[in-house]
Every structure is written in C-alpha cells, then in structure tokens.
Amino acid sequence: MKTTYYLFLLLTVGFYACSDHESPQDVPFKMLPNGLKKKVEAELIESMKKEVKDHHQAIHTDFTSRNYMIGCFDYSDFFRIDRDAAGQILCRDEIVSLEEIRTLASKYYLFNEGLSLKETASSIQYPTSSYYDFPFYSRITKADILSEISKNKLELERAKEEEEEDFIQFYQELLSNWELKLEAIEVLDVKELVEIHPQAQIRIDDDLNTIGLSPLTLEAIKGLIQVRDYASHKYFDRSYLDLYFEATRYTDSRAEEKLTAIDFLYPIKITDYSYAELNGLNLGWVSIENVIPPIEE
C-alpha cells in the first residue's frame, strides 16, 4: 500500500512539474544536452552574422540609390570600437581586451533601459549626466500606436490621391514601422512599448581585418545576443536561445512571434567599416531610420 502511495505521489508531482503552462514544444529546450545547445548557439551566431552583412548591403543600396547623406548622430547614438595596426583595441577611446567587448556592448544597449519617462526626460537635458552617453529609450502605449497608424493611413491615402510617389513611399515605410510596433506590443503583452533609440548602433573599424567580418564584430554580436536574452527572460521568462530553437525547429507561430518581437526591440545595427571596405560597400552617413519626409515643392 505504501509503495502504491509513493508511486502515485511521484507521478502526480511529475505531472504538475511538466504541465505548468508548457506546450509540448517547450519541453525539448530544458532537456537539450550541452552539445546540442552549442550547435544551436553556433547556428544562431551564423544567422546573426548574415543579418549584419545584409544590414551593410541595405545601407549601401540605400546610400547609392537615394544619394543623400544625413549626419545627425549624437555621441550616445553609437558605440565605437576600433583596433589599430598595432593590435590595440579601443572602446570609446578606452583600451579594452577582445573578451570585454561583448559585456561592454551589452552595457551600452541596456544602460538606460530601466529609466522611467521622467528620469529619461531629466537626463536628456543634462549632457554631464552619466546616462547621457548611452542611448535613451522611448515609451508609447497601444492607444498612441493605433492613433499614429490611423494618421499615417490618412496621409498615405492623401498621397495616393495626389499621386505623390515620394510621399507614398515615405508613408508606406512609416506605416509599416508603426504596424510592427503594434504587433510587438501585442505579443509582449505590455501596457507600453519600451524601445531603444532608433539610431543606436555599434560601429567597428579594424585595421587588422583582412577577410570577412572582424573578430570585434563577432564579439559585438555575442553582446547583442546577451541583450536579447535579457529581453527574452524579461518578457517571456525564456532564454533567447530557447525561443530561437523553438521558432526554427517547430511549426509554432507563437515562438516565431515572440522571437520577432525581441528582434524588433533590439535589431542588429552593427556597422563594420573594415568589412565594408573589403567588400566595396559605401556606408556613408545614412540615417538608420528614414524618418525625414520628402520636401514638398
């Protein structure tokens, strides 16, 4: 009788341990052997390296096709990493090791993430503030996002009626961005969307790089993975690697939506000038977000 009781207790505990809001797809993550985890992580890094390369190509294409320059970057907008011919690495003019880059990149992204709207407004006004050297975050509610979508739809319709091609393209891009914000705030299930400044980016120049992306860029990518992992735990109580594994191994739209939301919050904006030069890409001074409307004649 006692044996039967303990068996029943064991099965009951096991059942509740495995059924705490988990879908069948959730289970494999927590059972992944280290070897498979390393394989998935390597796959993720390769995927993000491709994103970085695609980002370079997109900037080059945008720069050469539209032929304009926008040089409106503040110090806080970008995190600069350089390596000179002697092998010395500088992050914002401070000497660092290669291994430190991922941690410093992560700090750059997240330093101001916890500031309230009031604290952000206050810090922006004081260049001597310790927060001023890092990108600030915006906060917007779902109601405000819906309002912006409505306004941009009206502007787009007006542009179509008047057959203004430049304005049509501009408002289509703007509307698409607002719709992405709406999708993100719904998937994250939060009252307000907290976004890093759209021009926040990492810039890398490596005098020793002779082929492909710089090792400095690889470390910056790993830093961004840490940032996305932080956001994944914050919003979904899951690791970013878990979400990536689920989204790429299972036909589960929920995991894909969550992964897309995290990637939207922290997009890859890493520019490797040594890679660009090696591949004949012109990065220029193009704004990360084309938020300047065409000029009416």
- [ ] Could you check, for segment 133-148, whether at least one of its residues is aromatic (F, W, Y), touching a helix residue (DSSP H, G or I) at 6+ places or on another chain (Cβ under 9 Å) and farther than 22 Å from R228 by Cα?
- [x] no
Task: Matching residues in segment 184-227 - criterion: being under 25 Å from K153 (Cα atoms) and out of contact with any helix residue (DSSP H, G or I) (no Cβ under 7 Å at 6 or more places or on another chain) - done: E186, D189, V190, K191, E192, V194, P198
Task: Search result, residues across segment 122-142 that are of a type in the set (A, V, I, L, M) and either modelled with pLDDT of 90 or more or loosely packed, with under 11 Cβ neighbours inside 10 Å (or both) - done: I140
Task: Lone qualifier among I145, I168 - being surrounded by 14 or more Cβ atoms within 10 Å (Cβ to Cβ) and modelled with pLDDT of 95 or more - done: I145
TODO: Within segment 73-82, count every residue that is part of a strand (DSSP E or B) and either of a type in the set (D, E) or at pLDDT below 90 (or both).
DONE: 2
Open item on the list: Just to be sure before I move on: is L193 outside any helix (DSSP H, G or I), surrounded by 13 or more Cβ atoms within 10 Å (Cβ to Cβ) and of a type in the set (A, V, I, L, M) in the structure I sent?
Closed with: yes
TODO: Exactly one condition in (1) under 29 Å from L193 (Cα atoms); (2) buried (at least 18 other Cβ atoms within 10 Å of the Cβ) is not met by R83; state its number.
DONE: (1)
Open item on the list: Within segment 16-69, take every residue that is outside any helix (DSSP H, G or I) and surrounded by 15 or more Cβ atoms within 10 Å (Cβ to Cβ) and give me the one that is modelled with the lowest pLDDT.
Closed with: Q25
- [ ] Run down K181, K151 and say which single residue is at pLDDT 95 or above, touching a helix residue (DSSP H, G or I) at 6+ places or on another chain (Cβ under 6 Å) and either of a type in the set (S, T, N, Q) or in a helix (DSSP H, G or I) (or both).
- [x] K181
- [ ] Among the candidates A85, A105, single out the residue that is touching a helix residue (DSSP H, G or I) at 6+ places or on another chain (Cβ under 6 Å) and at pLDDT 85 or above.
- [x] A105
Open item on the list: Scan segment 131-148 and tell me whether some residue there is under 28 Å from I270 (Cα atoms) and of a type in the set (K, R).
Closed with: yes
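Yes/no per residue for (1) charged (D, E, K, R); (2) at pLDDT below 95; (3) surrounded by fewer than 21 Cβ atoms within 10 Å (Cβ to Cβ); (4) part of a strand (DSSP E or B):
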{"position": "R228", "(1), (2), (3), (4)": "yes, no, no, no"}
{"position": "L243", "(1), (2), (3), (4)": "no, yes, no, no"}
{"position": "A247", "(1), (2), (3), (4)": "no, yes, yes, no"}
{"position": "T251", "(1), (2), (3), (4)": "no, yes, yes, no"}
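The values are calculated or read from the model by the stated rules, or taken from the named source; none is laboratory data. None of these values were measured; they are calculated from a predicted model. With ideal geometry, Cβ positions are generated from the backbone for all residues, glycine too; neighbour counts draw on all protein chains shown.
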